[in-house]
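Novice: Before I ask anything, here is the structure I am working with.
The values are calculated or read from the model by the stated rules, or taken from the named source; none is laboratory data. Bear in mind that the values here come from a model prediction, so they are computed numbers and not experimental data. We place every Cβ from the backbone using ideal geometry, glycine too, and count neighbours over all the protein chains shown. Surface areas here come from the heavy atoms of the whole protein model, side chains and all, with no ligands, DNA or RNA. Shrake-Rupley method; radii C 1.70, N 1.55, O 1.52, S 1.80 Å.
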Amino acid sequence: MPHNMVVRVVAYTQFLGVPPEMYGETLPDDTDHGSDPARLIECAGRECYDSYRTEKHRASETYHQHIKEVGHGSVTGHATISFLISGISRNLTHELVRHGIGTAISQRSSRYCDESQSTIAWHPLLEKALEEADWSMLDGLVNSTQLAYQVLMQRCQDYLLKRGVKPLDAKKQARGAARGILPTALSTGLIWTANIRALRHVLEQRCCDAADAEIRLLMGEVYLQAKEVCPEYLDDYEYTPAADGIGFCLSTPFRKI
Ligand SMILES: Cc1cc2nc3c(=O)[nH]c(=O)nc-3n(C[C@H](O)[C@H](O)[C@H](O)COP(=O)(O)OP(=O)(O)OC[C@H]3O[C@@H](n4cnc5c(N)ncnc54)[C@H](O)[C@@H]3O)c2cc1C
């Protein structure tokens with residue numbers, strides 16, 4: 001991982017159980033097994049076919065496999081996982097927001113927050129390719145842009161205050177204008193929530209050699225943590241090291257369920 005990328009699961013779907021008044025006091029022993037997200041997905045699928053109690057019903061374990069095989073992916077849209085992520089670049093988040101379907105994002109505002117002391121989330125390829133001397137050149141450039149940011153912000157704020165703009169608005173407008181000088185690798189943080197269906201699709205698109213290495217690295221970490229939460233819908237992936245040596249690629253026989 002780049003030096004300060006941090007990913008943590010902070011929430012996921014809790015399944016409260018199948019209401020007894022709808023399906024009886026006890027379900028067949030081999031159903032309703034596994035993680036909370038998977039049990040909800042199972043409930044959604046079985047509701048479609050009234051299949052908790054059919055004579056030839058599938059056990060939970062084979063049920064999940066069956067959902068993937070037939071591509072009945074909509075049932076996986078009910079369960080979500082939320083990740084708190086920090087230390088990634090705004091370049092990366094610009095790619096992440098393209099995955100709009102089945103996801104939610106709340107990201108640090110560079111209009112509201114002061115970025116004058118913010119760090120840079122260096123791309124993982126730079127970390128592999130650069131020598132020590134190159135890093136000191138980059139540090140110098142970053143210091144200059146931070147200084148320019150502060151000067152621009154102050155000038156804009158003074159101008160707006162003189163025009164009678166309210167102080168809080170003036171600050172936000174000034175930061176909005178000055179942030180243009182900052183590198184797109186500016187470090188940022190967000191909460192990213194995805195339902196299991198969307199999560200699988202993002203993993204398939206971003207954990208591959210064609211994807212940018214930074215988002216590949218992030219999604220690799222997301223994958224490992226999500227698999228702990230809902231193994232039933234993430235353990236069909238095989239992973240192989242990426243060609244550039246950064247992170248890994250995922251493949252599955254069940255793409256885009
Ligand atoms: C390696 C790589 C390179 C890329 N390069 C570029 C690039 O150069 N420039 C660029 O702009 N983007 C680029 N992208 C982004 C890409 O075009 C998609 O916007 C992004 O990957 C999100 O995927 P998605 O469209 O499947 O969206 P999601 O939000 O993940 O949508 C999920 C699915 O919902 C359906 N869907 C979503 N929106 C619509 C819609 N409006 N109408 C009908 N169906 C819809 C589609 O089936 C879609 O696959 C790249 C992505 C990758 C992985």
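Novice: Can you find even one residue in region 125-132 that is within 16 Å of the ligand (Cβ to nearest atom) and either open to solvent by less than 50 Å² (accessible area, probe 1.4 Å) or assigned to a helix (DSSP H, G or I) (or both)?
Specialist: Residues of region 125-132 that are within 16 Å of the ligand (Cβ to nearest atom), as a first pass: 125.
Still in the running and either open to solvent by less than 50 Å² (accessible area, probe 1.4 Å) or assigned to a helix (DSSP H, G or I) (or both): 125.
So far as region 125-132 goes, yes, one or more of its residues are within 16 Å of the ligand (Cβ to nearest atom) and either open to solvent by less than 50 Å² (accessible area, probe 1.4 Å) or assigned to a helix (DSSP H, G or I) (or both).
Novice: Can I ask one more? Applying the selection to region 1-21, what residues are part of a helix (DSSP H, G or I) and charged (D, E, K, R)? If you could, list the steps in order and put the result at the bottom.
Specialist: We begin by selecting, within region 1-21, every residue part of a helix (DSSP H, G or I); these are 20-21.
The one that is part of a helix (DSSP H, G or I) and charged (D, E, K, R): Glu21.
Novice: Among the candidates Thr80, Thr26, Thr31, which residue alone is open to solvent by less than 40 Å² (accessible area, probe 1.4 Å) and among the β-branched types (Val, Ile, Thr)? Walk me through it before giving the result.
Specialist: On the way: Thr80 fails: open to solvent by less than 40 Å² (accessible area, probe 1.4 Å); Thr26 fails: open to solvent by less than 40 Å² (accessible area, probe 1.4 Å).
So the residue among Thr80, Thr26, Thr31 that is open to solvent by less than 40 Å² (accessible area, probe 1.4 Å) and among the β-branched types (Val, Ile, Thr) is Thr31.
Novice: Any idea which of Pro183, Pro241 is free of Cβ contacts under 8 Å to residues at least 60 places away in the same chain, closer than 23 Å to Lys128 by Cα and either out of contact with any Cys (no Cβ under 6 Å at 6 or more places or on another chain) or away from the ligand (no atom under 16 Å from the Cβ) (or both)?
Specialist: Values: Pro183 fails: free of Cβ contacts under 8 Å to residues at least 60 places away in the same chain.
Being free of Cβ contacts under 8 Å to residues at least 60 places away in the same chain, closer than 23 Å to Lys128 by Cα and either out of contact with any Cys (no Cβ under 6 Å at 6 or more places or on another chain) or away from the ligand (no atom under 16 Å from the Cβ) (or both) holds for just one of Pro183, Pro241, which is Pro241.
Novice: How many residues, within region 202-221, are within 14 Å of the ligand (Cβ to nearest atom), within 10 Å of the chain's Cα centre (by Cα) and either open to solvent by 40 Å² or more (accessible area, probe 1.4 Å) or farther than 13 Å from Arg255 by Cα (or both)?
Specialist: 3
Novice: Among the residues of region 92-107, is there at least one that is under 18 Å from the mean Cα position of the chain (by Cα), under 22 Å from Gln146 (Cα atoms), open to solvent by less than 40 Å² (accessible area, probe 1.4 Å) and touching a residue at least 24 places away in the same chain (Cβ under 8 Å)? Steps first, answer last, please.
Specialist: So the first thing to find is which residues in region 92-107 are under 18 Å from the mean Cα position of the chain (by Cα), and the list is 92-107.
Now restrict to residues that are under 22 Å from Gln146 (Cα atoms): 92-94, 107.
So of that shortlist, the ones also open to solvent by less than 40 Å² (accessible area, probe 1.4 Å) come out as 92-93.
Checking the rest, the ones that are also touching a residue at least 24 places away in the same chain (Cβ under 8 Å) come to 92-93.
Checked region 92-107: at least one residue is under 18 Å from the mean Cα position of the chain (by Cα), under 22 Å from Gln146 (Cα atoms), open to solvent by less than 40 Å² (accessible area, probe 1.4 Å) and touching a residue at least 24 places away in the same chain (Cβ under 8 Å).
The rows are residues; the columns are (1) closer than 27 Å to Pro231 by Cβ; (2) within 16 Å of the ligand (Cβ to nearest atom).
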| position | (1), (2) |
| --- | --- |
| His94 | no, yes |
| Ile101 | yes, yes |
| Ser109 | no, no |
| Asp114 | no, no |
| Trp122 | no, no |
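Novice: Sticking with this one: Name, by its number, the condition in (1) within 17 Å of Lys68 (Cβ to Cβ); (2) open to solvent by 10 Å² or more (accessible area, probe 1.4 Å); (3) within 11 Å of the ligand (Cβ to nearest atom) that does not hold for Leu199.
Specialist: Result: Leu199 passes all but (2).
Novice: Only one of Asp134, Asp158, Asp114, Asp169 is touching a residue at least 60 places away in the same chain (Cβ under 8 Å) and among the charged types (D, E, K, R); which?
Specialist: Answer to the selection: Asp114.
Novice: Pick from region 230-247 the residues that are small (Gly, Ala, Ser) and more than 18 Å from the chain's Cα centre (by Cα): which of them is least open to solvent (accessible area, probe 1.4 Å)?
Specialist: Of region 230-247, the ones small (Gly, Ala, Ser) are 242-243, 245, 247.
From the residues that got through so far, the ones that are more than 18 Å from the chain's Cα centre (by Cα) too are 242-243, 245.
On the way: Ala242: 7, Ala243: 92, Gly245: 49 Å².
Among residues in region 230-247 that are small (Gly, Ala, Ser) and more than 18 Å from the chain's Cα centre (by Cα), the one least open to solvent (accessible area, probe 1.4 Å) is Ala242.
Novice: Right, next: If Glu228 satisfies all but one of (1) more than 18 Å from Pro124 (Cβ to Cβ); (2) in contact with a Ser or Thr (Cβ under 6 Å, 6 or more places away or on another chain), what's the number of the condition it fails?
Specialist: (2)
A quick yes/no check of all residues on (1) among the basic types (Lys, Arg); (2) more than 20 Å from Ala226 (Cα to Cα); (3) more than 16 Å from the ligand (Cβ to nearest atom):
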position: Gly77; (1), (2), (3): no, no, no
position: Leu84; (1), (2), (3): no, no, yes
position: Gly87; (1), (2), (3): no, no, yes
position: Asn91; (1), (2), (3): no, yes, no
